[in-house]
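Asker: Have a look at this one.
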Amino acid sequence: MYIILKFFLTFLLITSYIFFHNFIGLYAIIPFWIVCGFIDVSRHKTMNIKLLKEYFFGKGIPTFALSPLNLFADLLSFQNSHTFKIENLPLSHQNEINQIIKLFDENKNIIEKRFLSAKDNRNMLFYQWYGKNLDESIPEFNQSFKFIKTIGVSLFREKTSTSRHFGPMRLTYRILYNFNKVKKVGSYIEADGTINTWKKNPLFIFDDTLIHQSFNEEDDIRFCAFIDIIRPSYLNHVMLILLSTVGFLLKKTRGIFYKNWKMI
């Protein structure tokens, strides 16, 4: 069924571009891009007018801009379930995820000490950003992973939340791991209607181009490992090339995507 949907999506995109091109020539790229955006945003289970406004005119603009790339990634990749258990992913991906989780558990105290001087409500530290090493205080995080391409840590202080937002790119999936193991249910993430409470499930894997929002409504701080892993694909080498290219173009853009965070 998923293969049939992919063929239909490909047919729709090609025929729509041809249709628009017959009338307006090269300007067909504009309505074609809008069609891509509508197909992309329509994946949401929580679709409503507010979400459409956020996607096309609010924080979803970068995701809308990258919608042709994201739809192309969908065509190359295995079925997107939006949220995942680790066992839903290929064994090669599982092995790297288990390895990085173990590293965060082993280095928990070292990581927390790095944030002792952080005073802001939302703080972020990146060890790797699209494969580029940024912080070498824990050498194990600087090794070359085949599938994991971004490694970081986010800290939420007490009574802190994000606004609703979209990740820009679907070449990767987002992995969040609450390694300081919060004890109360008021610390959680909501992704397109799915709620993950860190006390119950410290590991959450999801498609972050869907609208999501993080909450820490408790009186305790919340640490999460912040990891991007390349999507399982029929053509892993093509996905790696695409991600390397995009990563090169975005290597100095952390300040744009995380402007509301204090970088450590």
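The values are calculated or read from the model by the stated rules, or taken from the named source; none is laboratory data. What you are looking at is a predicted structure, and each value in this text was computed from that prediction instead of being measured. Backbone-built Cβ (ideal geometry, glycine too); neighbour counts: all protein chains shown.
Asker: Can you tell me which residue in the stretch 28-44 is surrounded by the fewest Cβ atoms within 10 Å (Cβ to Cβ), limited to those that are of a type outside the set (D, E, K, R) and part of a loop (DSSP other than H, G, I, E, B)?
Answerer: Among them, the one singled out is 42.
Asker: Another question, then. Please name all residue pairs, on different chains or six or more residues apart, with Cβ atoms under 9 Å, provided the first residue is in the stretch 139-156 and is outside the structural domain of residue 93 (by TED's automatic domain parsing) and the second residue is surrounded by 23 or more Cβ atoms within 10 Å (Cβ to Cβ).
Answerer: No pair meets every condition.
Asker: Specify the residue that is modelled with the lowest pLDDT; the eligible residues are those in the stretch 115-131 that are of a type in the set (D, E, K, R) and part of a loop (DSSP other than H, G, I, E, B).
Answerer: Checking each candidate, the answer is 119.
Asker: Quick check on residue 70: is it closer than 22 Å to residue 201 by Cβ and of a type in the set (S, T, N, Q)?
Answerer: For residue 70, the condition - closer than 22 Å to residue 201 by Cβ and of a type in the set (S, T, N, Q) - is not met.
Asker: Looking only at the stretch 162-192, which residues are surrounded by fewer than 16 Cβ atoms within 10 Å (Cβ to Cβ) and more than 16 Å from the chain's Cα centre (by Cα)?
Answerer: Passing the criteria: 181, 183, 184, 185.
Asker: Taking the stretch 90-108 as the region of interest, how many residues are in a loop (DSSP other than H, G, I, E, B) and polar (S, T, N, Q)?
Answerer: Qualifying residue count for the region: 1.
Asker: Given 54, 87, 136, 112, which one is acidic (Asp, Glu), part of a helix (DSSP H, G or I) and over 18 Å from residue 207 (Cβ atoms)?
Answerer: After ruling out the rest, the residue left standing is 112.
Asker: Based on what the data block shows, is residue 111 more than 18 Å from the chain's Cα centre (by Cα), modelled with pLDDT of 95 or more, assigned by TED's automatic domain parsing to the domain that holds residue 127 and surrounded by 16 or more Cβ atoms within 10 Å (Cβ to Cβ)?
Answerer: yes
Asker: Considering only residues of the stretch 45-92 that are free of Cβ contacts under 8 Å to residues at least 24 places away in the same chain and among the β-branched types (Val, Ile, Thr), which is surrounded by the most Cβ atoms within 10 Å (Cβ to Cβ)?
Answerer: 61
Asker: I'd like to verify a number: residues in the stretch 193-206 that are in contact (Cβ under 8 Å) with a residue 60 or more places away in the chain, of a type outside the set (S, T, N, Q) and touching a strand residue (DSSP E or B) at 6+ places or on another chain (Cβ under 6 Å), how many?
Answerer: 4
Asker: Would a scan of the stretch 240-259 turn up a residue that is of a type outside the set (Ser, Thr, Tyr), within 18 Å of the chain's Cα centre (by Cα) and farther than 25 Å from residue 61 by Cα?
Answerer: Scanning the stretch 240-259, I find no residue that is of a type outside the set (Ser, Thr, Tyr), within 18 Å of the chain's Cα centre (by Cα) and farther than 25 Å from residue 61 by Cα, so the answer is no.
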